[in-house]
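Throughout, read-outs are computed from the coordinates displayed, never taken from laboratory work. What you see is a predicted model, and the numbers here were worked out from it, not measured in a lab. FYI the Cβ positions are ideal-geometry reconstructions off the backbone, even for glycines, and counts take in every protein chain you see.
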Amino acid sequence: MINRKLLIALLAIGLLAPLAVYPVFLAKLLCFALFAAAFNLLLGFVGILSFGHAAFLGTGGYVTGWLMLNSGLTPELAIIAGTLAGALLGAVYGKLAVKREGIYFAMVTLALAQLTFFIYLQAPFTGGEDGMQGIPRRALFGLIDLSNNTVMYYLVLAIFCFGFWLINRTIHSPFGQVLKAIRENEPRAISLGYDVEKYKWLAFVISAALAALAGGTKSLVFELASLTDVHWHMSGEVILMTLVGGVGTLFGPLAGAALVVTMQNYLSGGELGNYLHIIMGAVFVICVLSFRSGIVGQLQKFKRNNF
Amino acid sequence: MNASHREKIRINNLHAFYGESHILHGIDLTLMQGELVTLLGRNGSGRSTTLKAIMNMVGKRSGQIVVNGSDTMPMQAHRIAHLGVGFCPEERGIFSSLSVEENLMLPPTVRSDGMSVEEIYQMFPNLLERRNSQGTRLSGGEQQMLALARILRSGANILLLDEITEGLAPVIVQKLAEVLVQLKQRGLTILLVEQNFRFAAPIADRHYVMEHGHIVEEIAASELQQKTELLNSYLGV
Amino acid sequence: TTDGKVKIGVLADMSGTYADICGPGCVVATQMAIDDFGGKVLNKPIELISADSQLKPDIASAIARRWVESEDVDTIGGLVSSAVTGAVTQVTNNSKNIALITGSASNGFTTKACSPYIAHWTYNVVALANGTVKTMVGEGKKKWFFITADYAFGHALETVSSNVIKANGGEVVGSVRAPLGTTDFSSYVLQAQASGADVVALANAGNDTVNALNAATEFGLTESMDIAGLLVFSQNTKAMDGNVAGGMKLTTGFYWDLNDETRAWSKRFKEKHGEIPSMAHAGAYSATMHYLNAVQKAGTDDADVVMKQMKTTKPNDFFAVNAEFRGDGRMVHDMLLVQIKKPAERKDEDDIYKVLKVIPGSEAYNPMLDECNFSR
Amino acid sequence: MTQDHILETRNLTKGFKGFIAVDDVNLNIRRGDIHALIGPNGAGKTTVFNLLTKFLQPTSGQILFNGQDITPLKPAAIANKGIIRSFQISAVFPHLSVLENVRIALQRQEGNSFHFWRSDKVLEHLNDRALELLKSVGLESFAHSVTVDLPYGRKRALEIATTLALEPELMLLDEPTQGMGHEDVGMIAELIKQVSANRTILMVEHNLHVVSKLADQITVLQRGAILTEGDYATVSADPQVREAYMGSEADAVEVAS
Amino acid sequence: MSGLLDINFFALSGQLLVGLINGSFYALLSLGLAIIFGLLRIINFAQGALYMVGAFAALLGLKYLSLSYWQALIFVPIMVGIFGMLIQVFLIRPIANQDHLYSLLLTFGLALMLQGIFTHLFGSSGLSYPTPEALKGGTRLPFMYLPNYRAWIIAVSVVVCGLTWWAIEKTKLGAYLRAGTENPQLLQAFGVNVPLIITLTFGFGVALAGLAGVLAAPVYSVSPDMGSNILIVVFAIVVIGGMGSIGGAIITGLAMGVIEGLTKYFYPQASSTVIFVVMVIVLMIKPSGLFGKEA
Ligand SMILES: Nc1ncnc2c1ncn2[C@@H]1O[C@H](COP(=O)(O)OP(=O)(O)OP(=O)(O)O)[C@@H](O)[C@H]1O
Ligand SMILES: Nc1ncnc2c1ncn2[C@@H]1O[C@H](COP(=O)(O)OP(=O)(O)OP(=O)(O)O)[C@@H](O)[C@H]1O
Ligand SMILES: [Mg+2]
Ligand SMILES: [Mg+2]
């Protein structure tokens, strides 16, 4: 189970961080951490690699953004709607994808995500290449004005904590037990009468919904939703975050997202912008070759061996 | 030089590992030409690992393995096969993307005097009947036959056989015993891993008993009678 | 921020399709302006930073946000690709920072999306259409087909041009939208070929234009139809096969070889950058210079005050000829209708255009919308 | 009448591209029996199992379970009806504890397996029942070990305990003693005997010792069709069975048993 | 026939032909992927990047080494193939025993790196490669003007794909490849030099991408992201055809090009999605793909 002290320490850092760091950056980091954690629920705890999670991130962003632009909804309702939209898309894609395993699953999700990308590229409401610009943040519950970045950040922090809690709960639930069994020995789970596809499907939907939650939140933070969030590079990035942080660990996605987002931020502004992809690619290669358990995984190993 | 006294396999102080786990702890054994020797032991005692170690199919090995006079420690698996070694794994290893006949023809001929396809089909008529079906569509027992037939065709003269009677009907098991005796008479050398002691006892020249990755006993066919007690205590009969 | 210290951020396409048009060159031009100005304003050194927008609105928006919110950037220049510019101006309008648009073409920044913090320099789609399209329709090319870049700029260029065509008695027989950065235009060219048009208009820019023209040549389109490149920068012209492109007419806001003044500046630019300047490069210099002058004169870097100052003084340099910086943020100046020279007519590789006529700013640009007049 | 047959097949047939693997088989399995299916390799035994559990679709024929036609059901539905199959290869969840292995099976009847919002503490009340099951196969002292570390024979025992958790009316065992040493064969045979107490077992087995010791009724298949049926004495006396399947092994077993 | 109908027919045939040309690239690339996947069970994400490298190699060869198009057609695939073999030996082989997903991620990282490096060196804007003299010009078909070079692409692709299919499905080498896919260790124990076969096959699959790159250079502008754009489409094609099926990859590649062409005619907005829509439909009906084996 989770280490209580560590949790409190992290929460304290989360609450105090905007004093020291640009809040929009922190909010972005948490959005990606949530996205990666949602992704990790599938890869780390069901053992399936989705290569199309950007589709859900993007859908959450577009739906939330569209509602903020075109309806009088308050932000929390728009975010919930975005999350539901992601869940719905996840339900459909999950239905198609869970029939296949391993690499096949990865390919199918990738292709479905690309389908989504092209639809969003063409659909008039997304603004195509221009993106959906000028999404207003408005006021939470109609009361708390979100235009201040710090206030916005605390909303993101709350959403992140909720998502994180839900994932942790899912892993340690009766449902999570069955997922574990499926990952261990799928044919045996079937023979015990578990309809494995349904379990994988539900996990997929939960993961998609949380990814969309991250996307919807992100669109408010940046007041913009764009094709970048649906592009397959984004699906790759979330894998990178999870891999770097530690697949199948609870805090891995957080650590991975922090590292990758910081790196991107640092590189994208300056002269090193050109190297961004090279460095990311190299990190990928290094992780796969010699660092498969990721930062958190390595720390855990270290702790096990030394304490 | 007396052919039947030629040493075909000699293993000295063999250690083998799967990843971190140390499975074989210093095995010594020798096989002379024309001998049929069994490896007995309980599940997990390391018999299959010994065969795989000879084929260089385990994670890491140390010690010495000499096949037909050549030191095979530095060799890759395919080179070892070309010394005339045929391996029949316990999981059978039938290729599902190949037909039965393709499976049969797959191993490259390592020596010229292998059995002909006709002889093989005669021995295993089931295979003839199903020869165009997909390899893994065969029944469990048929797959076992195919796995054995495959290496008989390649002409290997040192056979490493892992639980070949597993899942076979009693009649076929009896027939297999006859086949092995025939092969022995042809001068082939056979290292047999078996659970089915009743099958192995009458045809083997010697038995090695393994436990926890060690060879704990060597029993010649002639001593079998007097050492039955001991053997039973090792095998838990 | 009004801290009395001027920091200019150049957000441009450092490595993409528009990199040659307004990428590192725009940084060079801006730096030239700063240096020519003396490197200091209000007694403090002028700072310049730059970043790659990667032509992605979200990336550009995030960078702009960070610049103005946590890095004290006063003004963002460069700005090529309307999608990027749209996203960046969302940020700068909110934060009350000035955007000096030197590379983008959409006329939306001084109409639908106009704001008191926008300065749209170099050119826009209206000026392009009024130059090239009007001229060709006048020559009797009545039926038009569009191959349009599928984003804000392309759409705007197509709409504006279509209006010009219709207003002058022409007809639009079809159009097709190609994603930004398309490399194989063959299927679009086939559609154009089947349309029976007189002119195929390329409502795109940069490499898209070059690639489309190549495909048109390959599939024999040029044998039966005219091609009009609606937005062609000098770099693109140099990249095109002169035998194919020679004779094509186009509109530009600047040509290096127009007069002694332009030649002098362009020579200096080429020494620094290795290439002759595009109109966006010249625009970036001109806009920065005008901005810095206004800061100096206003004695503050407060955006509202500076903008007011910019609008009261007429820009006037080698680029901004007969110019006026209007209340809506539009910098109106003389445009040029030029014709691409055939290889045989060229003295050297930089000798690419024959200037056909000077289009006065008032003819090239639409009049100001009342609701967008922020000069008060 | 049929009431005392738990499972019947009527003219069950399965063809693979012109090859008939199961040919017009009418099985009648009495409630409470240990029923063995034997026959030469390739006779169609595994295929029959696959048909009964719907891993394969019959070409024609019917399967009746407790008098009810279950031919159109899906594999999971068959399992829910109470027909549970064990696999030839050891089927456990290697990195779960022994207790959890059994609990996963018990959990299925709880109806909370999709509850992702509840803590898995709600499963703890199953522990007692799980321990009871482990005890019945002699594994209670291993309850908290990780399953991978168990010896082979113990894994098979665990698998049986897991299967029992589903309270199957009918257990299908495909070669339960394959690949086992003597010691384990004895143990598993004993276990099968023990758990057969109030349920029916259908098994495929090549080990004639086990068959002779356990089976109340035997069906011999050959080339997809039923060759003969009866108890061990009847079947082993049949010269056709001897020729096609048992060979002289039949004698050895009789001597031994 | 009315004039209007004529035009439509011409336009349609034209789009189909262009579709076939695109299909040729799809077929070459998905064939390479299918071979590598078939043997190693890994999806080579770097296939697109190596296609790009092939195109750049032709371009740079011309610029700095005066390597003619025809020479490039021979040498570039060899060079890319060798590069691929180095990747296989030094990067993929060490993780061969891990879950195949790791090699997918590894090649994904490689693809990012390659694309990043070329973007850094050459910008992302795209460069052009001249059409070889001998293939300039075109033929006026009744329904369209077919540039000779495009016809050449179709011819090369069909011949290369056909030969490859034959070698894998009909020869002993093919049986080794298929067996090596399933259980390389055992095949090696039978006396086949599996590591060598794997390396060579990987090299060959990658060389096909290099070849496609050279073929593409004169018609598509040579840019660092040319590979990533086409790659995902090729993935979808591989899924539709049935992963690892050699014939499936070829046929589906060509067919999808044509379907794309049809869509461009009837409903151009959907042309970039149509392949993915086909994929969804195929998956619903036959989860293992049109020519895929396992269920
Ligand atoms: N691939 C592997 N990785 C790790 N450990 C292994 C592997 N294969 C076998 N082992 C372990 O090595 C030990 C010896 O196994 P081996 O297969 O040689 O036994 P065996 O005597 O042949 O028994 P069996 O009757 O099970 O075939 C066992 O403890 C087994 O768990
Ligand atoms: N999916 C299939 N496609 C084609 N033929 C098959 C298929 N499955 C089984 N067969 C064939 O049907 C016959 C019966 O196979 P089955 O596996 O039922 O035999 P079995 O009685 O279980 O034999 P064993 O004792 O060897 O396990 C065999 O000849 C086999 O080759
Ligand atoms: Mg073994
Ligand atoms: Mg069977």
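If you rank A:10, C:190, C:221 by fewest surrounding Cβ atoms within 10 Å, what's the result?
On the way: A:10 16, C:190 27, C:221 21.
Ranking A:10, C:190, C:221 by Cβ neighbours within 10 Å, fewest first, gives A:10, C:221, C:190.
Taking a virtual spin label 7 Å from the Cα of residue C:268 along the C-beta vector, which residues in region C:274-300 bring their backbone nitrogen under 20 Å of it?
C:274-297
Among D:127, D:112, D:148, flag the residue with its Cα farthest along the positive direction of the charge dipole of region D:93-149, charges on Cβ as +1 for Lys/Arg and -1 for Asp/Glu.
The one lying farthest along the dipole's positive direction is D:112.
May I ask you to give the average projected area over all directions of the convex hull of the Cα atoms of the protein assembly as shown, in nm² rounded to one decimal?
Averaging across all directions leaves 61.0 nm² for the Cα convex hull.
With each label point set 7 Å from Cα along the Cα-Cβ vector, what nm distance links residue A:233 and residue D:243?
The two pseudo-label positions are separated by 7.6 nm.
Could you work out the relative contact order of chain C? I mean the mean sequence separation of Cα pairs under 8 Å and 6+ apart, divided by the number of residues, in percent.
This gives 19 percent for chain C.
Just want to confirm a number: the relative contact order over region D:155-249, from Cα pairs under 8 angstrom separated by 6+ residues, in percent.
So the answer I get is 21 percent.
For the Cα atoms of chain C, what angle does the longest principal axis make with the long axis of helix C:57-70, in degrees from 0 to 90, nearest 10?
The helix C:57-70 is inclined about 10 degrees to chain C.
Under a straight-distance cross-link criterion of Cα-Cα below 27 Å, which lysines are reachable from residue C:342, leaving out those fewer than 8 residues away in the same chain?
Result set, ordered by chain and number: C:134, C:141, C:142, C:143, C:238, C:249, C:267, C:270, C:354, C:357, E:63, E:136.
Sort C:263, D:154, A:292 so that the residue with the fewest other Cβ atoms within 10 Å of its own Cβ comes first and the one with the most comes last.
Neighbour counts put them in this order, fewest first: C:263, A:292, D:154.
What spacing in nm lies between the two simple spin-label points modelled at residue C:347 and residue B:18, each 7 Å away from Cα in the Cβ direction?
Placing both labels 7 Å beyond Cα along the Cβ direction yields 8.2 nm.
Just to verify a number: FRET efficiency for residue E:136 and residue C:322, C-beta to C-beta distance, R0 = 60 Å, to 0.05?
It comes to 0.80.
Test of understanding: given chain C, find the longest segment containing no GluC sites (Glu not before Pro) that are in a DSSP loop and have at most 16 other Cβ atoms within 10 Å.
C:140-348
Between residue A:303 and residue A:162, how high is the FRET efficiency from 1/(1 + (r/R0)^6) when r is the Cβ-Cβ distance and R₀ = 30 Å? Nearest 0.05. Write down the numbers at each step before the final one.
On the way: r = 28 Å, r/R0 = 0.93.
The pair residue A:303/residue A:162 has a calculated efficiency of 0.60.
Scan chain B and note any complete DSSP helix (H) whose C-alpha atoms cover at least 20 Å along its axis and whose Kyte-Doolittle average is -0.5 or more.
B:140-154, B:170-185
Classify region E:1-105 as rounded, prolate or oblate from the Cα gyration tensor: take a ≥ b ≥ c as the square roots of its eigenvalues, call it rounded if a/c is under 1.5, otherwise prolate when a/b beats b/c and oblate if not.
Because a/c hits 1.5 or more and a/b fails to exceed b/c, region E:1-105 counts as oblate.
Please compute, for peptide B:132-143, the average count of beta-carbon atoms on other protein chains lying within 10 Å of each residue's beta-carbon. Intermediate values should be presented prior to the final figure.
Details: counts 2, 3, 2, 2, 1, 4, 2, 10, 10, 8, 3, 2.
Mean shielding count: 4.
Do the alpha carbons of any pairs in D:74/E:286; D:17/E:286; A:303/D:155; A:95/E:286; A:198/D:74 sit beyond 23 Å of each other, and which pairs?
Beyond 23 Å: A:303/D:155.
Sorting E:65, E:135 on the 10 Å Cβ count, fewest up front, what's the list?
Starting with the residue having the fewest Cβ neighbours, the order is E:65, E:135.
Ranked highest first by the average count of other Cβ atoms within 10 Å around their residues, in what order do C:142-150, D:132-140 fall?
C:142-150, D:132-140
Zone of residue E:99 (label point 7 Å along Cα→Cβ, backbone N under 19 Å): which residues in region A:32-71?
A:35-54, by backbone N distance to the label point.
Could you check the spin-label model distance between residue A:198 and residue E:277? Points 7 Å from the Cα along Cα→Cβ, value in nm.
Spacing of the two 7 Å Cα→Cβ label points: 3.3 nm.
Residues of region D:141-158 with backbone nitrogen within less than 17 Å of a virtual label 7 Å along the Cα-to-Cβ line of residue B:216, please, listed as ranges.
D:151-153
Give the separation of the Cα centroids, region B:140-197 to region D:156-184, in Å.
Using only Cα atoms, the two centres lie 28 Å from each other.
Just counting partner chain Cβ atoms within 10 Å, what average do the residues of peptide E:266-276 show around their Cβ?
5
Taking just the alpha-carbon atoms of chain B, what radius of gyration and Dmax come out, in angstrom?
Final numbers for Rg and Dmax: 17.2, 50 Å.
I want the local charge near residue D:52. Using Cβ-Cβ distances under 12 Å, sum +1 for each Lys or Arg and -1 for each Asp or Glu among the other residues.
For residues surrounding residue D:52, the net value is +3.
Take peptide C:8-18, look around each residue's Cβ out to 10 angstrom, count Cβ atoms belonging to other protein chains, and average those counts.
Mean number of neighbouring Cβ atoms from other chains: 3.
What FRET efficiency comes out for the pair residue E:70/residue C:159, r = Cβ-Cβ distance, R0 = 35 Å, nearest 0.05? List each step's numbers first, then the result.
Numbers: r = 47 Å, r/R0 = 1.34.
For residue E:70 and residue C:159, the calculated efficiency is 0.15.
If a/c stays under 1.5 just call it rounded; otherwise compare a/b with b/c (prolate if a/b is bigger, oblate if not). Do that for chain D, with a ≥ b ≥ c from the square roots of the Cα gyration tensor eigenvalues.
Working: a/c = 2.14, a/b = 1.40, b/c = 1.53.
Note, shape of chain D comes out oblate.
Could you check what % of the DSSP bridge pairs in the protein assembly as shown are antiparallel, to the nearest 5?
Working: 67 of 134 bridges.
Once the DSSP bridges in the protein assembly as shown are tallied, antiparallel ones form about 50 percent.
Quick one: net charge of residue D:214's neighbours, Cβ under 14 Å, K/R +1, D/E -1?
-3
What is the magnitude of the charge dipole of chain E about its Cα centre, with +1 placed on the Cβ of each Lys and Arg, -1 on the Cβ of each Asp and Glu, and no other charges, expressed in debye to the nearest 20?
The calculated dipole for chain E is roughly 260 debye.
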